[in-house]
Each structure stands twice: as C-alpha cells, then as structure tokens.
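The values are calculated or read from the model by the stated rules, or taken from the named source; none is laboratory data. The structure displayed is predicted, hence computed values, not measured ones. Cβ placement follows ideal geometry from the backbone for every residue including glycine, while neighbour counts extend to all protein chains displayed.
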Amino acid sequence: DPLNAFGGLAGQLPNQDEEISSLLHDVLLRWQYPHHLSLLESLVQQLPSFCMKEFVIDAMDVKKMGTGLNATYTVQPVKLELLAHVILAVQQILSSLSELRGIPPRQAFRVDPSYVFICSLEGEPSPSCLELMWETLVQRLLRSYENIEAQLHTLYCFFTEPDARLSQISFDSTEGELRS
C-alpha cells in the first residue's frame, strides 16, 4: 500500500478520514505505478527523461494538412496522443493534490488550462508556433513534475513528522497568532 510510506496502516492515514486517505492513495498510485494506456511505467521515475527524449519533435514529426492559406500543421498522431495522455494524467494528480491541500481549483497549478495548447496542436497555421506550443507544454510538464514532488514531500512531512505538521498548519494559516 503506497500510504504506508506516509504513516498509513491498512489504507488509512493516521487521524484522517477515509476521503483524504483515498485521495492521497489515488495520487500515489497514479504517480508511482504503471499506467495502462501509456508507455510510462512510472511518472515519477520516467517523466523527466521522457520529456527530454520522447517529447522532442523535429521536422519529421510535423505534418502539413491542406494547401495555401488553408494549410495547417500538426504533430504525428501517436506522439500527440501520448503527450495528451501524459498531460491528462499529470493534471489529475495536480488537481487531487490541490484538493488535498485545500487550494481552490482556480488557484491551482495547471499544465494546460482548458487544454488550449493541446487542442491547438491538432491544427496550427504556423509550424514555428506549433513547435513553440509543443515546447511550452513539455516545459510545463517538467515544472509540474517539480510541483508534484514538492507537494508530495510536504504531505510526507506533514503525515510523518509531528513538528512539520505544526509548521505546515502555521504556514497555511491566515491568522497572525498562528504564524509566529
């Protein structure tokens, strides 16, 4: 059970309700274990190297559709589908972590808000804009990786180190007397 590393026993975090335990359990499963529809065995172990190797595009990956003023450019469907799948998986993790930490959805970090970039990659009028959007998404995935790792570390400390719990409560508090 992935919750054991966070001080959990039998799928339950100490002093937490079932909903919190289940939410963190699902995050850890998505982050650490194989994905059924993906080439990735583990996002935590492979996402950075995947971004640097598999998610690099070149001229062979860009396809032109149409002619003249109606021409648009897209990325090879297999590569685009893989990127979209990874973005969705990472976004689900980020959303769950935000929920766990009580961060409102509008303030939470998002890889591709409303999936605007990924949708644009299906047909962009400029190949240079297509490449820029692709690179932006890859960089945001790398930033998401760092964000997820930092949030999981904070949660790990919160659940396993009593002093860290008090420090985190103080940090998250908006009341002055708890901040001192």
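What to note about this one:
- Taking the range 87-108 as the range and being free of Cβ contacts under 8 Å to residues at least 12 places away in the same chain and either outside any helix (DSSP H, G or I) or of a type in the set (Gly, Ala, Ser) (or both) as the test, the residues that pass are 98, 103, 104.
- When 111, 138 are checked against the criterion of being in a helix (DSSP H, G or I) and either at pLDDT 90 or above or within 16 Å of the chain's Cα centre (by Cα) (or both), 138 stands alone in meeting it.
- The residue of the range 26-55 that is surrounded by the fewest Cβ atoms within 10 Å (Cβ to Cβ), among those that are acidic (Asp, Glu) and in contact (Cβ under 8 Å) with a residue 24 or more places away in the chain, is 26.
- Contact annotation: residue pairs with Cβ atoms under 9 Å, 6 or more positions apart or on different chains, pairing a residue in the range 110-128 that is touching a residue at least 60 places away in the same chain (Cβ under 8 Å) with a partner that is outside any helix (DSSP H, G or I) and surrounded by fewer than 13 Cβ atoms within 10 Å (Cβ to Cβ), are 127/64.
- Test set (1) part of a helix (DSSP H, G or I); (2) touching an Asp or Glu at 6+ places or on another chain (Cβ under 6 Å) - residue 34 fails condition number: (1)
- Among residues of the range 109-137, those that are of a type outside the set (A, V, I, L, M), within 12 Å of residue 88 (Cα to Cα) and touching a helix residue (DSSP H, G or I) at 6+ places or on another chain (Cβ under 7 Å), counted: 2
- Long-range neighbours under 6 Å by Cβ, at least six apart or interchain, first residue in contact (Cβ under 8 Å) with a residue 12 or more places away in the chain and closer than 17 Å to residue 135 by Cβ within the range 58-79, second of a type in the set (Lys, Arg) and assigned to a helix (DSSP H, G or I): 61/79
- Residue match in the range 84-98 (condition: modelled with pLDDT under 90, surrounded by fewer than 17 Cβ atoms within 10 Å (Cβ to Cβ), out of contact with any Ser or Thr (no Cβ under 7 Å at 6 or more places or on another chain) and of a type in the set (Gly, Ala, Ser)): no
- Scanning the range 150-163 for residues that are surrounded by 13 or more Cβ atoms within 10 Å (Cβ to Cβ) and in a helix (DSSP H, G or I) turns up 151, 152, 154, 155, 156, 157, 158, 159, 160.
- Long-range neighbours under 6 Å by Cβ, at least six apart or interchain, first residue of a type in the set (Gly, Ala, Ser) within the range 152-168, second modelled with pLDDT of 60 or more and surrounded by 15 or more Cβ atoms within 10 Å (Cβ to Cβ): 164/157; 164/158
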